[in-house]
Structures are given as structure tokens and as C-alpha cells.
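Visitor: I have a structure I would like to understand better, so I am pasting it below and will then ask my questions one at a time.
The values are calculated or read from the model by the stated rules, or taken from the named source; none is laboratory data. Since the model is a prediction, treat every value here as computed from it, not as a measurement. Positions of Cβ are generated from backbone atoms using ideal geometry, with glycine treated the same way; all protein chains shown enter the neighbour counts.
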């Protein structure tokens, strides 16, 4: 089963997965720590040469889209991947799948370009698909 289907179909606990980019996307294993309001995608595993972190995807059992922790996680990933804190680096994205099956994306680059206004601002949540 594809990770998106796993994520969409699991609504009672949070699931997470890292994904990597190298001319496309490579998803890590979907993981859960068994809690409804917390997930640690860092335990997601993947392999392959030339892969760089591009973000993570996770579920929200409630209809809330992104928490501050979700966005801070993506910002921290940006710092790690770019070995520092500067605009214009390799972007990182947080994806969330809500209980209704909607998939949304938030990009650290939006946070940079908005002067921080994109943090927890639904105007910067991009619906994926449909």
C-alpha cells in the first residue's frame, strides 16, 4: 500500500514519514509512536544514494491542519539540511493529511518570503491534489 493511502486511512493515531528527493521523491517508512497527538518522523527509514531530505508527511486525527510544532519541525529540518540558517537554501515542506483525507503542504520558503507571516497562517497552506 502506498504511503499516502496508509496515511489517509489511519486516523486514530498519528503517522509520519520523511521523504527524500533525488530527481523525484522517495518516501520513508510510515511510523507511529502510538499517540494521537504526537509523531516523530525522524524514526522513518529510507535508503538510496544521493537522497536529500525534502520534508515530511504526517496525519492529524483532528481537522486542525498544522500545529506550531509541525511548522517548527520543518524549520529545524531546513536548518539541518542547509547546515545553517539562511534564505535560499534547499526548501523543506511539512505535509499533513487531515481526518477528511485532505492533503496540505507548508513550505519553509513561504515563511522566509513572508517575513514570518506564514507561520500558522492558513493563507500559506497549499492544498495538494484536487
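Visitor: Might you let me know whether region 107-128 holds any residue that is under 11 Å from the mean Cα position of the chain (by Cα) and modelled with pLDDT of 70 or more?
Guide: The answer is yes; a qualifying residue exists.
Visitor: Suppose we keep only residues that are modelled with pLDDT of 85 or more and in contact with a helix residue (DSSP H, G or I) (Cβ under 8 Å, 6 or more places away or on another chain) within region 92-106. Which one would you say is surrounded by the fewest Cβ atoms within 10 Å (Cβ to Cβ)?
Guide: The extreme case among them is 103.
Visitor: On to the next question. What pairs come up if the first residue lies in region 111-130 and is without any contact (Cβ under 8 Å) to a residue 60 or more places away in the chain, the second is assigned to a loop (DSSP other than H, G, I, E, B) and exposed (fewer than 15 other Cβ atoms within 10 Å of the Cβ), and their beta carbons are under 7 Å apart, counting only those six or more places apart or on different chains?
Guide: Qualifying pairs under 7 Å: 112/87; 124/114.
Visitor: Return a yes/no flag: does region 39-55 have any residue that is crowded, with 16+ Cβ neighbours inside 10 Å, within 18 Å of residue 127 (Cβ to Cβ) and at pLDDT 70 or above.
Guide: yes
Visitor: Scan region 84-91 and give yes if some residue there is out of contact with any strand residue (DSSP E or B) (no Cβ under 7 Å at 6 or more places or on another chain), at pLDDT below 80, farther than 13 Å from residue 105 by Cα and surrounded by 12 or more Cβ atoms within 10 Å (Cβ to Cβ), otherwise no.
Guide: Yes: one or more hits.
Visitor: Name, by its number, the condition in (1) closer than 23 Å to residue 121 by Cα; (2) in contact with a strand residue (DSSP E or B) (Cβ under 9 Å, 6 or more places away or on another chain); (3) at pLDDT 70 or above that does not hold for residue 72.
Guide: It fails just one condition, (2).
Visitor: Next question, about the same structure. Across region 56-81, what is the total count of residues that are in contact with a helix residue (DSSP H, G or I) (Cβ under 9 Å, 6 or more places away or on another chain), closer than 15 Å to residue 98 by Cα and surrounded by 19 or more Cβ atoms within 10 Å (Cβ to Cβ)?
Guide: Number satisfying all stated conditions: 6.
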